[in-house]
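The values are calculated or read from the model by the stated rules, or taken from the named source; none is laboratory data. Since we're looking at a predicted model, the values are computed, not measured. So basically every Cβ, Gly included, is an ideal-geometry build from the backbone, and we count neighbours across all protein chains shown.
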Amino acid sequence: MSNSIISSDVVIEGNITGKGSIRIDGNVNGNIHFDDVHIASSGVVTGDINAKNFINEGNFNGNATAEDTQLKVNSRNTIKLTTKSLSVEVSAELKGKIKCGS
């Protein structure tokens with residue numbers, strides 16, 4: 001499995017699909033389908049995420065489906081989320097609808 005990185009100076013308009021993990025330090029306007037999706041503190045994603053593991057430290061606006069979701073300190077989340085496991089850290093902003101469990 002590969003590890004992919006979208007650096008902070010990159011803007012992607014369109015969908016991203018792959019195996020392994022992806023770390024987003026830049027901006028993505030589109031849907032992301034990877035095994036593991038990590039939005040870094042400088043990352044901004046507008047679109048849908050489908051992943052086994054989803055971690056957000058940055059800014060996410062969209063729908064997300066994941067087995068395990070972690071919304072980290074200072075992350076901003078406008079989200080419709082479906083997940084089996086959810087962790088929300090102190091000072092993470094969360095607006096939207098959540099379905100958690102099996």
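Overview of values
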{"read-out": "Residue in segment 28-35 that is of a type outside the set (A, V, I, L, M), within 22 Å of V88 (Cβ to Cβ) and under 9 Å from the mean Cα position of the chain (by Cα) present", "value": "no"}
{"read-out": "Those residues of segment 1-50 which are part of a loop (DSSP other than H, G, I, E, B) and of a type in the set (S, T, N, Q), in sequence order", "value": "S2, S7, S8, N15, N31, S41, S42"}
{"read-out": "Lone unmet requirement of (1) of a type outside the set (V, I, T); (2) modelled with pLDDT under 95; (3) out of contact with any strand residue (DSSP E or B) (no Cβ under 6 Å at 6 or more places or on another chain) for N3", "value": "(3)"}
{"read-out": "Any pair with Cβ under 7 angstrom, 6 or more apart, that starts in segment 51-75 at a residue that is among the hydroxyl-bearing types (S, T, Y) and ends at one that is not in a strand (DSSP E or B)", "value": "S75/E57; S75/G58; S75/A92"}
{"read-out": "Members of segment 51-100 that are more than 9 Å from the chain's Cα centre (by Cα), assigned to a strand (DSSP E or B) and among the hydroxyl-bearing types (S, T, Y)", "value": "T65, T78, T82, T83, S85, S87"}
